[in-house]
Amino acid sequence: MNYKELTVRFCGIAGDGIVSSSRIISGACADAGLHVMVNDIYSAEIRGLGKSTSTIRFSGSKVYSMGDGINALVGLAQQESIDEIEDIREGGSVIYDSSSPADIPETESLASHIPPEVNGYGIPLKTLANQASGSNRGRNIVSMGALCHLYGLPKTIFINQIEKIFKRKGDKVVESNLTAFELGYEYCQNQYPLNNLFVMDKKAKPLQIISGNEAVAHGAMDCGLKFFAGYPITPATKIMEITAKELPKLNGWTIQVEDEIAAIGAVLGASFTGTRAMTATAGPGLSLMSELINLSVMAEISAVIVNVQRGGPATGLPTKVEQGDLNISLYGGAGDSPRVVMAPTCSKDCYTSIQAAFDLAEKYQTPVIFLSDLFLGQRLETDDIKRNINYKKSTRIKPTRQQLKNYQRYALTEDGVSPLIVPGEDGAFYSITGLAHNTAGNPNFESEVHLTMTQKRFRKFKSMVKDLPPVEIIGDADADIGIACWGSTYGAIFEGMQIARHNGVKTKMIKSIMIYPQDEESFKTFFASCKKIIVFEMNFQGQYAALLKSTYNIKPVEVHIPSVDPVSPAKIAAKIMEVNHELTQ
Amino acid sequence: MKCVIIGAGIAGVTAAETIKKINQDIDVVLIGKEQYLPYNRYRLTDYLCNVIDDTQLYFTSFDFFKKNNIKYRNGEYIKSINPAEKTIKYYHNEVMGYDKLLIATGGSQHLGPILKPFSQYIQSYYTLQDILLLKKFLPDIKHCVVYGENLSNLDLLAGLCNLDKKITYIIKGEKARFPLLKEEFEQDVHYFLKNKGIQCITNDKLVNIKKEKKKFTVETLNQKIIKTDIVFAWDDSKPNISLLEGTAIHKKTGILVNQYMETSEQDIFAAGDCAEIYHPILKNYWINFGWPNAREQGEIAGKNIAGEKALYQIHETLTFHLEGKPIKARWWE
Ligand SMILES: Cc1cc2nc3c(=O)[nH]c(=O)nc-3n(C[C@H](O)[C@H](O)[C@H](O)COP(=O)(O)OP(=O)(O)OC[C@H]3O[C@@H](n4cnc5c(N)ncnc54)[C@H](O)[C@@H]3O)c2cc1C
C-alpha cells in the first residue's frame, strides 16, 4: 500500500526510550520536509515505571491535529501497550518483541490482543539490540529500523538523524545505534519482504520543529523579555527551563521562587521597574496568583502570565489536557477586574501571539493571561515560524514634560491609558497601591472616584480593540453552520470541518486568538451570517459558550469535549453532520 | 471448552467453522503463520495470472471470524506443544492452554541436501506471500528455470506459460513424473510441456546455483549451464511437523492419526496435508493430500472435537476435481 501520511505510536515504560524514539523520527521527518506533530502522554504518577506513549503523525501536507487513530504501534512494554491496540486503524501494524526470554501468559501478551485486521510483527528486538550494543537499550532503534522497512521510508533520513542526535555521546554510541537500526531493517526485510511505500516529495525543504512551550519562551525572549519568575509545575516547567538557560545570555534573569504567589509578585516588581516580565504556570498556580493579578489590574502594572492548562480543579489531572481555566482567567479576581485573555491555537500562534501579548500588556498597562494548554505546550509540530528578534511593536507611553510637571500616575485619558514612568526616573514621585486610588495614585475611597477609575480601567479594553490580532474567518463563506472554538482544539476542529466538507457539509469558523477583549463587530457579523452556530471546547461547563452567549446573544449548539488526549477530528465531523442533519430536516 | 487450532489453511478453518456450527459455546482459537486471511491455495496461480481477484482468492473474511466468534490469530507461529501441560508455545514465548488441540499445519516445499545450501537463491511457490512477491518481480523476468515434480510445479509451469515466460524445466527422468497421478495423465502433461514450447532438460538434476548481480547461473549434474532470471526448485512436499519435537505424538512423514483424526495423544487431533491417516485396506499410513481431502478431514476433526463421532473415509484415488472441473481443465484444456 502507498501512504502519504502515517501516525506511529511508541509505548513503553521509563527507560524504553519512548521520547528519544519519537524525537529521532520527528526530527528525521522534519529534516526531510515532512509536516509533523508529536504528542507525548505520561502517566500522572511521578514515581515508579509509569507508562508513557509518544505519537508521531507525519505527512506531506500540513497536519493540524493528531488525527484519528494510528497506523503503527511499537509496543516496547507488552502489557502496557495492550490498551493502545484499539487506536490502530484497520490494516495497521503492531511491532512487538518476540525475544522475551521468559514465558508470557496469554492475557499479558500483546500479540494475543492483536485483532486479525491488524498485522502483528514479532521482531526479536532484545536479541538484535544486544547484538548491536551488548544491552537491551537499543530496542527502540531496532524497531525504528523495522518501521522504516515496513513502511518503505527512506533509510537515509533516519541514519542522518541518528548520527545527529547521538553525535555528542561519541562515535561508539552512534555506531551501535546505527547497527541496531540496520539489524531491525534487515530482519524485517528478510521476514516480511512485502512492504508498504511512503510516498514523499524528495524536493521538500527541511522544516523547523517546535513545541508550544518552546515557542512561547522564544517568542517572549525575542520581544524583549528580560525577567522570568516561576515555580515548576506540569505542564509549564519547560518554559522556565528555557528562559533559565537563555535569558542570562540576553542579560536577563530567571528566578525560581518558592511558590506561584512569589512568582507573580516578582514579575510585578520587575515590571514596575520597566522590565518586560513574565511567569508561566498551570491552573493550580493561576489560582494562587489571583490576588496579585488583581494588584496588576488595580495598580495597572503590565504582566504576562502564561497558563499552560491541565485538567482541574485542584491538583486535578496533572498530565491531561483540559480547557477549564477560561472562567478563572476571565473572572478570577475580586471586584471588577478586567484583564486580557488570549489563547493561541498552534506553536506558530504561541510565538507570534506571546509577542502580541507583550504589546498589549505594555501599552495598556494590564495583566495578560495567555492560555496555552498541556497538548499545545508539549506537542511538537513543524511550522514556518519567522523569527521576530528584537520585536517591540509597542512600548509604555511616557509622560510629556508638561505632564511631568504635575505628574498624575493614573491621569484620565481618552483611551484610558495613563502615561507612565518608572520609579527613580527624574521628575516624578508617586505611590502605587492595591487600594482604590485617585489619579495621583493616592488611596481614595470615594464612590465617585472609584467609579471614574473603574471606568478608566475598562476604557482601556475598548481602546485596545484596534490593536488586537485580527480574527480570521476560515472555511466556506456561504456555509450555514458557523463554528467557534478557542485554543489548541482548533486544529482538530479544523480537520473535522474538512472531513465534514468531504462528506458534503460546508462550515465556516471564526478563529480568534483573543478571548477578551474581542473584536465584537467581526463576531456579530459572523454570527449573523450563520443559521446554526456550534461552539466546541474542552470543558464541562461550556465556559467560552457562556461568554459568547452573554456578549452576542446567540443560542449555539454547545459541544463540551471531555478532557481527552487529543481531540478526534472524526468526532468533530460527526457532530457537524448531526447538526447539519437537524438543520436540513 | 477451549479448542486451539494450529494452521489456518482449509483444514483448520473448516474445523473451526464445524465446531462453532455444532456448539457455539466452545471457544475456538485459530492460529496461522501467514499474515493474511485464509485463502484458496490451489488458486494461487490463477491469482498470479490475474484470472481471479482478491474476492475470489479469499474464502473467509474478517466478518466471518467475528460472526462465528472465532478468535483468529494471524501471522503467528507455534513452535512447540506440551501435551502433559496441555499448552502450546508461540514463537514469542507466549504460552496458551487448550482443552482440545487440532494440528492442521499443512505441508511445504522441501529442499534436499543438494539444494539446501542454495535456498536463498530459490523462489518458493506455496504461499500468498510468494505470489505477491512474484507479482512485483515477474514483469521484469524473462527466463525461468523450474525443477521438481510436484503438482505445484505443474501449476507453476502452466502459470508461467500463461504469462509468456521462457521456461527451462529440468526433469530427473525421461518424462516428468508426478506422484499420485495416473500414467495416462503423465502422458498428457508431457504433451502439454512440449506444446507450450517449454524447454525440457531430461535425465538430469539441478546441482548448483550461483548469483551474479541480478541473474542466476544454474548448473546441472550433466554440466549444463543455464543463465536465468529466477529459479523455482524443490525436491518434494513435506508435512510441517517441527512443532512436534519433544513430544511423544506418533509420526512418520506426517502426524499419524486414526480415522477419527485423533493422534496418539489424548485430545490432540490432526487434519489436512500434515496428517497421515491409517488406511485400513493398505494397512498402512497414507497422506491423503489435496484441497478437497484437507477440507473433509477438517470437518471430520471438527465434528469429533465438538463431541460427535465421525469417521473419515480415505479416498482411494486422487481425482483433484475442484469446482466441478478436472485438474486438466484448470490448466490447459
Ligand atoms: C500452487 C499450488 C497449487 C495447488 N493446486 C491444487 C489443486 O489443484 N488441487 C488440490 O487438491 N490441491 C492443490 N494444492 C494443494 C492444496 O492447496 C493443499 O493440499 C491444501 O491447501 C492443504 O490444506 P491444509 O489446510 O492441510 O494445509 P495448508 O493449506 O498448507 O495450510 C496450513 C497452514 O498452517 C500454517 N502453519 C504451518 N505451520 C504452522 C505453525 N507451526 N504455526 C502456525 N501456523 C502454521 C501454514 O502457514 C499454512 O497457512 C495446490 C497447492 C499449491 C501450493
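Derivation of every value follows stated rules applied to the coordinates shown; laboratory data play no part. Being a predicted model, the structure only gives us computed values, none of them experimental. Please note: Cβ atoms are built from the backbone with ideal geometry, for glycine as well, and neighbour counts cover all protein chains shown.
Using a ≥ b ≥ c from the Cα gyration tensor of the stretch A:210-382 (square roots of the eigenvalues), is it rounded, prolate or oblate, where a/c under 1.5 gives rounded and otherwise the larger of a/b and b/c decides, a/b for prolate?
rounded
Residue by residue through B:84-94, how many Cβ atoms from other chains fall within 10 Å of the Cβ on average?
Mean partner-chain Cβ count within 10 Å for B:84-94: 5.
So what is the calculated 222 nm ellipticity per residue for chain B, using -39500 (n - 2.57) for each DSSP H run with n of 4 or more, over all residues, to the nearest 500 deg cm²/dmol?
Value at 222 nm, helices only: -7000 deg cm²/dmol.
Output the 0 to 90 degree angle, nearest 10, between the alpha-carbon long axis of helix A:490-502 and the longest principal axis computed from the alpha carbons of chain A.
Orientation of helix A:490-502: about 60 degrees from the principal axis.
Name the long-range amide H neighbours of residue A:306: under 5 Å, sequence gap of 5 or more, or other chain; modelled H, no Pro or chain starts.
Amide H to amide H, under 5 Å and 5 or more residues apart or across chains, residue A:306 pairs with A:279, A:280, A:281, A:370.
Indicate the gyration tensor shape class of the stretch A:401-466 (rounded, prolate or oblate), computed on the Cα atoms with a ≥ b ≥ c the square roots of the eigenvalues: a/c under 1.5 is rounded; otherwise a/b larger than b/c is prolate and the rest oblate.
oblate
Cut-off under 18 Å on the C-alpha distance; same-chain residues fewer than 8 positions from residue B:224 excluded. Which aspartates and glutamates are left, in chain and number order?
B:174, B:204, B:212
Residues of B:71-78, mean number of Cβ from any other protein chain within 10 Å of their own Cβ, rounded to a whole number?
Neighbouring Cβ atoms belonging to other protein chains average 5 per residue here.
Less than 15 Å apart at the alpha-carbon level, and either on another chain or at least 8 residues along: which aspartates and glutamates does that give for residue A:226?
Result set, ordered by chain and number: A:241, A:246, A:359, A:362.
Quick one: helix B:128-137 against the long Cα principal axis of chain B, what's the angle to the nearest 10°, folded into 0 to 90?
30 degrees
Helix B:183-195 sits at what angle to the longest principal axis of chain B, using alpha carbons and giving 0 to 90 degrees rounded to 10?
50 degrees
Determine the calculated [θ] at 222 nm for chain A from helices alone, applying -39500 (n - 2.57) to every DSSP H run no shorter than 4 residues and normalising by the residue count; nearest 500 deg cm²/dmol.
-11500 deg cm²/dmol
Rounded to whole Hz and in sequence order, give me ³J(HN,Hα) for the stretch B:25-38 from the Karplus expression 6.51 cos²θ - 1.76 cosθ + 1.60, θ = phi - 60°, writing x for Gly and Pro.
7, 6, 6, 10, 10, 10, 10, x, 5, 7, 6, 9, 5, x
Can you list residues from other chains, or at least 5 along the same chain, whose modelled amide H is less than 5 Å from the amide H of residue B:30?
Answer set, sorted by chain and number: B:5, B:71, B:72, B:73.
For a 20 Å ceiling on Cα separation, which of these pairs sit above it: A:363/A:392; B:79/B:136; B:211/B:238; B:20/B:238?
Checking Cα-Cα distances, B:79/B:136; B:211/B:238; B:20/B:238 exceed 20 Å.
Hey, what did the stretch B:110-236 get for relative contact order, percent, Cα under 8 Å, at least 6 apart?
35 percent
Amide H of residue A:410: which non-local residues (sequence gap of 5 or more, or other chain) have their own amide H closer than 5 Å, using H built in the peptide plane?
Those lying under 5 Å, H to H, from residue A:410 are A:440, A:441.
³J(HN,Hα) across the stretch A:294-302 via Karplus (A = 6.51, B = -1.76, C = 1.60, θ = phi - 60°), whole Hz, x for Gly/Pro?
4, 4, 4, 5, 5, 8, 6, 10, 4
What is the local net charge at residue B:171, summed over the other residues whose Cβ is closer than 14 Å to its Cβ (Lys, Arg +1; Asp, Glu -1)?
Summing Lys and Arg as +1 and Asp and Glu as -1 gives +1.
Using the Cα gyration tensor of the protein assembly as shown, with a ≥ b ≥ c the square roots of its eigenvalues, what is the shape: rounded (a/c below 1.5), prolate (a/b larger than b/c) or oblate (neither)?
Judged from the Cα gyration tensor, the protein assembly as shown comes out prolate (a/c at least 1.5, a/b above b/c).
If R₀ is 45 angstrom, what is the calculated FRET efficiency for the pair residue B:286 and residue A:167, using the beta carbon separation as r and rounding to 0.05?
Calculated value: 0.10.
Please work out the FRET efficiency for the pair residue A:450 and residue A:397, using the Cβ-Cβ distance as r and a Förster radius of 22 Å; give the result to the nearest 0.05.
E between residue A:450 and residue A:397, to the nearest 0.05, is 0.40.
Calculate the spin-label point distance for residue A:251 paired with residue A:61, positioning each point 7 Å from the Cα along the beta-carbon direction, and give it in nanometres.
So the two model labels end up 4.9 nm from each other.
In whole Hz, what ³J(HN,Hα) sequence does the stretch A:564-571 give by Karplus (6.51, -1.76, 1.60; θ = phi - 60°), x for Gly and Pro?
For the stretch A:564-571, the Karplus-derived couplings read 10, 6, x, 5, 8, x, 5, 5 Hz, x marking Gly and Pro.
Could you calculate the contour length gain from residue A:244 to residue A:155, that is, 0.36 nm times the residue separation minus the distance between their Cα atoms, to one decimal place in nm?
Gain in length upon complete extension: 28.3 nm.
What whole number of Å gives the distance from the Cα centroid of the stretch A:173-245 to the Cα centroid of the stretch B:1-72?
44 Å
Subtract the Cα-Cα distance of residue B:196 and residue B:260 from 0.36 nm times their separation in residues, and report this length gain in nm to one decimal.
In short, 18.6 nm is gained.
Provide the gained length on full extension for the span residue B:56 to residue B:252, in nm with one decimal, where the gain is 0.36 nm per separating residue minus the Cα-Cα distance.
Separation in residues times 0.36 nm, less the Cα-Cα distance, equals 67.0 nm.
Compute the label zone of residue A:553 within the stretch A:479-503: residues whose backbone N is under 11 Å from the point 7 Å along Cα-to-Cβ.
So the set is empty, nothing qualifies.
Would you mind checking the pairs B:89/B:116; A:155/B:67; A:202/B:213 and listing those with alpha carbons more than 30 angstrom apart?
With Cα atoms farther than 30 Å apart: A:155/B:67.
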